[in-house]
Each structure stands twice: as structure tokens, then as C-alpha cells.
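The values are calculated or read from the model by the stated rules, or taken from the named source; none is laboratory data. Being a predicted model, the structure only gives us computed values, none of them experimental. Cβ sites come from the backbone with ideal geometry, for glycine too, and all protein chains shown count toward neighbours.
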Amino acid sequence: MRRVLARFLLLASFFSCSLTFVGTFLAQDASGDGIRSFQVGERLTYEITWLNILAGIAVMEVGDAGMTGDRPLAKLVTTAQSSPMLTKFYPVDNRVESLVDPTTLQSDRLTFRRREGKRKNNFEYTFHHRDGTVTVTKDGVTETLAIPPDTLDIISCLYHVRNALPLKPGSSLAMNVHHDKKNYQLNVRVEEVESIEGSWGKTETARVLVIMPFQGIFLNQGNIKVWFTTDDRKIPLRMKAKVIIGSVVADLVGGIPGLVYPR
């Protein structure tokens, strides 16, 4: 069970980070419909629990990565750490950083520092979208692999969800995603609109089902449900996944102006 919690901690941090509002850039929507504005400095904090036991904290921060050539980049930094209780049995201290083009939502480079129990890995992905390849360095070993057109990374793919998925029941979206030297198809579907309650109060949300094909992040393969606010911000308030016993839940506890978090 401790490994399940640790892996959910990482997955939840990926999903939360991807919905953060990025950049101080004005950029055209990836679909070509209209202009959107992103804001650097957003910080989202989630508590992750299992059976009402605190398992860990995930924090998502967004920064300005400057320019590469004549285009701006946004930097997404996500950290996920196990709680003191879980750390005694299975410590988790992960950091993911992605440099993304705010116009296309495709990443230039992603680094992943994974520390889970005795497992220690360092990954670096450099994407060459024009060539249809990605250069992957894992623990000092480098290789170049083919990727499909419009491939996204594990964080930028979920920015695409935020921008391209209408929050209406029945809406769906499929994306090509590269992770851990493999190409996957990630599928999401809006199940229904419903109100949920939490430290933010009672809020209308769209419940979205995410079918996760990634081996070695959350169990083997599995699904996760995410509740997004139905306003223009599309904030992920809650994430939930069933495990062998009960469910693991990630709830937003801080970071969004306009929402109140009584503690």
C-alpha cells in the first residue's frame, strides 16, 4: 500500500501542475481559437490522503523561463513529498520541471528527479518536434527515439486538456504522450457536472475521467477522476483514484485567489 500511495502522490502532482495557470504571456490557443493569457507565479498546494490519513503534499509552481530565440518559455516546477508518517516506511521526494512553449503547449525539455524508497533515478527529455524525435537521458545513458506528431510530455499534455476539452458531459479528448522512453495515448472524458464540497466551500465542477496508460507511475494501468471548476479558470479541486482498500484523494488546500481555505 505504501508504494500505491507514493505513486499516486507523483501522479496527482503531475495532473495538478498541468492545470496551473502558466506564464505572463499572451499566446494564441493551441486549437487556433482565440487568445489566452497565462500568469507566472501561480502556486497550488494539495494534501493527499488515504483513509483520512495524510500521505503527502504536492506543490505546483509556475515561473518565467525567459526566451529561446524569439519565443518565450514557461517553466513548470512540481514537487511531491511524502508525509512524516509515510516517510518512515517509504520516503518520496520527487521533482519534475518542464519548459514549455505557451503557444503550442509542447515542451522543449523535461527533467524528472525521482526519489521513491530506495529507487533513485534522474531523467532528462529533450524534444525535437520538427525531426519527430526525443533524446532521452536516464541515469547517464542517452538514446534518441521516434515520437508521433504533436507529442506532448506528461505535464504539457494536461495543459492541452485544460485548453481543448469542453467541460460538457460526453466531451472527450485523445493525445499522444511520451513518458519513460515509450509513446502512449492518453484519453480523457467528461462524465458529468456536479457540485462538491471541501475547504473551498461548495463549488460546481465537471468530473473528468482520465484513463492512465503509464506503467510504473500509478499502479500498472488505471483511471483517475478529477473535478475541475466550471469557470474560466478550470481549477482542479480534487483528484481521486481507487486502490486495493478505499481510495486515495488529493484535495486543493491553497493557492487560488478568490477561494477560501479555512484550516
Quiz item: Within the stretch 176-199, how many residues turn out to be over 11 Å from PRO148 (Cα atoms), touching a Pro at 6+ places or on another chain (Cβ under 8 Å) and assigned to a strand (DSSP E or B)?
Solution: 5
Exercise. Give ARG119, ARG43 a once-over and let me know the one that is surrounded by fewer than 21 Cβ atoms within 10 Å (Cβ to Cβ), over 24 Å from ARG233 (Cα atoms) and of a type outside the set (A, V, I, L, M, F, W, C).
Key: ARG119
Quiz item: Quick one: what pairs do we get from the stretch 126-137, first residue more than 10 Å from ASP108 (Cα to Cα) and part of a strand (DSSP E or B), second among the aromatic types (Phe, Trp, Tyr) and modelled with pLDDT of 95 or more, C-beta under 7 Å, 6+ apart or different chains?
Solution: VAL136/TYR125
Quiz item: So which residues in the stretch 154-175 are crowded, with 24+ Cβ neighbours inside 10 Å and hydroxyl-bearing (Ser, Thr, Tyr)?
Solution: SER156, TYR159
Practice problem: Kindly indicate the residue of the stretch 166-195 that is β-branched (Val, Ile, Thr) and modelled with pLDDT of 95 or more and also nearest to THR135 (Cα to Cα) among those meeting that condition. | Solution: VAL190
Quiz item: Going through the stretch 128-171 one residue at a time, which ones are closer than 19 Å to SER98 by Cβ and small (Gly, Ala, Ser)?
Solution: SER156, ALA164
Quiz item: When residues of the stretch 103-124 are filtered for being touching a residue at least 24 places away in the same chain (Cβ under 8 Å) and under 15 Å from THR151 (Cα atoms), how many remain?
Solution: 7
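For the stretch 225-250, which positions are crowded, with 18+ Cβ neighbours inside 10 Å, outside any loop (DSSP other than H, G, I, E, B) and either touching a Phe, Trp or Tyr at 6+ places or on another chain (Cβ under 7 Å) or at pLDDT below 80 (or both)?
Across the stretch 225-250, the qualifying residues are VAL226, PRO236, LEU237, ARG238, MET239, ALA241, VAL248, ALA250.
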Quiz prompt | Residue, nearest to the chain's Cα centre (by Cα), within the stretch 138-153, restricted to residues that are surrounded by 11 or more Cβ atoms within 10 Å (Cβ to Cβ) and part of a loop (DSSP other than H, G, I, E, B) | solution = ASP153
Quiz item: Is there a residue in the stretch 188-199 that is under 30 Å from ILE244 (Cβ atoms), crowded, with 19+ Cβ neighbours inside 10 Å and in contact (Cβ under 8 Å) with a residue 12 or more places away in the chain?
Solution: yes
